[in-house]
Amino acid sequence: MSKKIIIAIDGPAASGKSTAAKYLAQKQGYIYLDTGAMYRAITYMAIKNDAFGHEDKVIELAKNIDIKLSFEDGVTRVFVNGDEITEEIRSPEVNAKVSEISKIAEVRVEMVKIQRKISQKGNLVAEGRDITTVVFPNADIKIFMTAELEERIKRRFKEFYEKGIKITYEEVRENLIKRDKLDSGREVSPLKKAEDAFIFDTTNITVEEEIDRILDLINNKLNHNAITN
Ligand code: DC
């Protein structure tokens, strides 16, 4: 069996990870794994089951949850225990609470198990906060994606606005700053650049430029590996 390729992308919220990862997955015919969607799914379930704020209940939920992700026509659909919660996991309430859930070590252990299992199915593009450092430290390509805070706020606000979700620019700003702080400052699997990750700043580039540059990077890296192996 030929070796499966893994492209790992980490970075803060609205840094451009999903845009790049989805495009690459479609173009290369790889599986797309949105690990943030998994932490969002647990958060949604915790809120729904009055478990938010009760760590033991959240851990129990994480151990028993059946999360399925599907990716078709550029859209990730999320199912928990058979019910679709694709829209629900992107709500401002889940945004505000997800970092509290994802800092729980036992929840992360369960999610990482599922993520590694998915990677056995084929070539993969995975994005999140700990993909390059913890989940797939031996990934073929590692990218640390970033963008200036103001640009990220603008992007996230636009997304909410386009979906008709009522939220102010200031609320988006507060949420992003808070999540960045929690996601980078937590004890378990914090967001940080892996030593061997390429830094990719998307602040002043268009989506097309972002994609072109990543494709160059991947082609160079994969060709180089093919020559040296
Ligand atoms: O990528 P996202 O914004 O949808 O992720 C939502 C939250 O999930 C993020 O604020 C932190 C958490 N997360 C994580 O802790 N580890 C990951 N690999 C992916 C996301």
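The values are calculated or read from the model by the stated rules, or taken from the named source; none is laboratory data. Predicted model, so just to flag it, every value in this text is computed and none were measured. So basically every Cβ, Gly included, is an ideal-geometry build from the backbone, and we count neighbours across all protein chains shown.
Is it the case that T43 is under 28 Å from I205 (Cα atoms) and either modelled with pLDDT of 95 or more or within 13 Å of the ligand (Cβ to nearest atom) (or both)? Explain how you work it out, then say what you get.
Values: under 28 Å from I205 (Cα atoms): no; either modelled with pLDDT of 95 or more or within 13 Å of the ligand (Cβ to nearest atom) (or both): yes.
No.
Find all pairs meeting these conditions: Cβ atoms under 9 angstrom apart; at least six residues apart or on different chains; first residue within region 128-147 and among the aromatic types (F, W, Y); second residue part of a strand (DSSP E or B) and crowded, with 23+ Cβ neighbours inside 10 Å.
Partner pairs satisfying both residue conditions: F136/A8; F136/L124; F136/A126; F136/K142; F144/I9; F144/D10.
Check F136 against each of (1) over 24 Å from T206 (Cβ atoms); (2) in contact with a Gly (Cβ under 7 Å, 6 or more places away or on another chain); (3) not acidic (D, E) and name the one condition it does not meet.
Among (1) over 24 Å from T206 (Cβ atoms); (2) in contact with a Gly (Cβ under 7 Å, 6 or more places away or on another chain); (3) not acidic (D, E), F136 violates only (2).
Can you name the number of the only condition in (1) among the aliphatic types (A, V, I, L, M); (2) outside any helix (DSSP H, G or I); (3) within 15 Å of D10 (Cα to Cα) that I165 fails?
(3)
For region 1-84, please list each of the helices (runs of 4 or more DSSP H) lying entirely inside it that holds at least 2 residues being within 15 Å of the chain's Cα centre (by Cα) and in contact (Cβ under 8 Å) with a residue 24 or more places away in the chain.
Working: elements: 17-28, 35-48, 55-64.
Fully inside region 1-84 and qualifying: 17-28, 35-48.
All but one of (1) within 14 Å of the ligand (Cβ to nearest atom); (2) under 20 Å from K178 (Cα atoms); (3) part of a loop (DSSP other than H, G, I, E, B) hold for N95, so report the exception by its number.
If we test N95 against (1) within 14 Å of the ligand (Cβ to nearest atom); (2) under 20 Å from K178 (Cα atoms); (3) part of a loop (DSSP other than H, G, I, E, B), just (3) comes out false.
Does at least one position in region 110-125 carry a residue that is part of a strand (DSSP E or B) and touching a strand residue (DSSP E or B) at 6+ places or on another chain (Cβ under 7 Å)? Reasoning before the result, please.
Going residue by residue through region 110-125, those that are part of a strand (DSSP E or B) are 124-125.
This time we only want the ones that are touching a strand residue (DSSP E or B) at 6+ places or on another chain (Cβ under 7 Å), so: 124-125.
There is at least one residue in region 110-125 that is part of a strand (DSSP E or B) and touching a strand residue (DSSP E or B) at 6+ places or on another chain (Cβ under 7 Å).
Given the residues S2, S102, which is the only one that is modelled with pLDDT under 95 and among the polar types (S, T, N, Q)? Talk me through it step by step, then tell me what you get.
Values: S102 fails: modelled with pLDDT under 95.
After applying the criteria, what remains is S2.
Of all residues being charged (D, E, K, R) and closer than 23 Å to L182 by Cα in region 75-92, which is nearest to the ligand (Cβ to nearest atom)? Just the residue, please. Quick ask: steps written out before the conclusion?
Going residue by residue through region 75-92, those that are charged (D, E, K, R) are 77, 83-84, 87-88, 90.
Now restrict to residues that are closer than 23 Å to L182 by Cα: 88, 90.
On the way: E88: 13, R90: 8 Å.
For region 75-92, the residue satisfying everything is R90.
Among the residues of region 155-166, are any under 19 Å from A37 (Cβ atoms), surrounded by 16 or more Cβ atoms within 10 Å (Cβ to Cβ) and charged (D, E, K, R)?
Step one: list which residues in region 155-166 are under 19 Å from A37 (Cβ atoms), which gives 155-156, 159-160, 162-163, 165.
If we keep only those that are surrounded by 16 or more Cβ atoms within 10 Å (Cβ to Cβ) as well, we get 155-156, 160.
Subset that is charged (D, E, K, R): 155-156.
Yes, because at least one residue in region 155-166 is under 19 Å from A37 (Cβ atoms), surrounded by 16 or more Cβ atoms within 10 Å (Cβ to Cβ) and charged (D, E, K, R).
For V107, indicate whether it is touching a residue at least 24 places away in the same chain (Cβ under 8 Å), within 15 Å of the ligand (Cβ to nearest atom) and out of contact with any strand residue (DSSP E or B) (no Cβ under 7 Å at 6 or more places or on another chain).
Working: touching a residue at least 24 places away in the same chain (Cβ under 8 Å): yes; within 15 Å of the ligand (Cβ to nearest atom): yes; out of contact with any strand residue (DSSP E or B) (no Cβ under 7 Å at 6 or more places or on another chain): yes.
Yes; evaluated as a whole, the condition is true for this residue.
Could you figure out which of (1) within 12 Å of the ligand (Cβ to nearest atom); (2) within 19 Å of I114 (Cβ to Cβ); (3) modelled with pLDDT under 95; (4) of a type outside the set (A, V, I, L, M, F, W, C) isn't true of G16?
(2)
Failed condition for E208, given (1) touching a residue at least 60 places away in the same chain (Cβ under 8 Å); (2) surrounded by fewer than 17 Cβ atoms within 10 Å (Cβ to Cβ); (3) part of a helix (DSSP H, G or I); (4) over 18 Å from the mean Cα position of the chain (by Cα), with all others met?
Going through (1) touching a residue at least 60 places away in the same chain (Cβ under 8 Å); (2) surrounded by fewer than 17 Cβ atoms within 10 Å (Cβ to Cβ); (3) part of a helix (DSSP H, G or I); (4) over 18 Å from the mean Cα position of the chain (by Cα) one by one, E208 breaks only (1).
Applying the selection to region 110-134, what residues are of a type in the set (V, I, T) and within 7 Å of the ligand (Cβ to nearest atom)? I'd like the intermediate steps shown before the answer.
Going through region 110-134, the residues of a type in the set (V, I, T) turn out to be 112, 114, 118, 125, 131-134.
Within region 110-134, just I131 meets the criteria.
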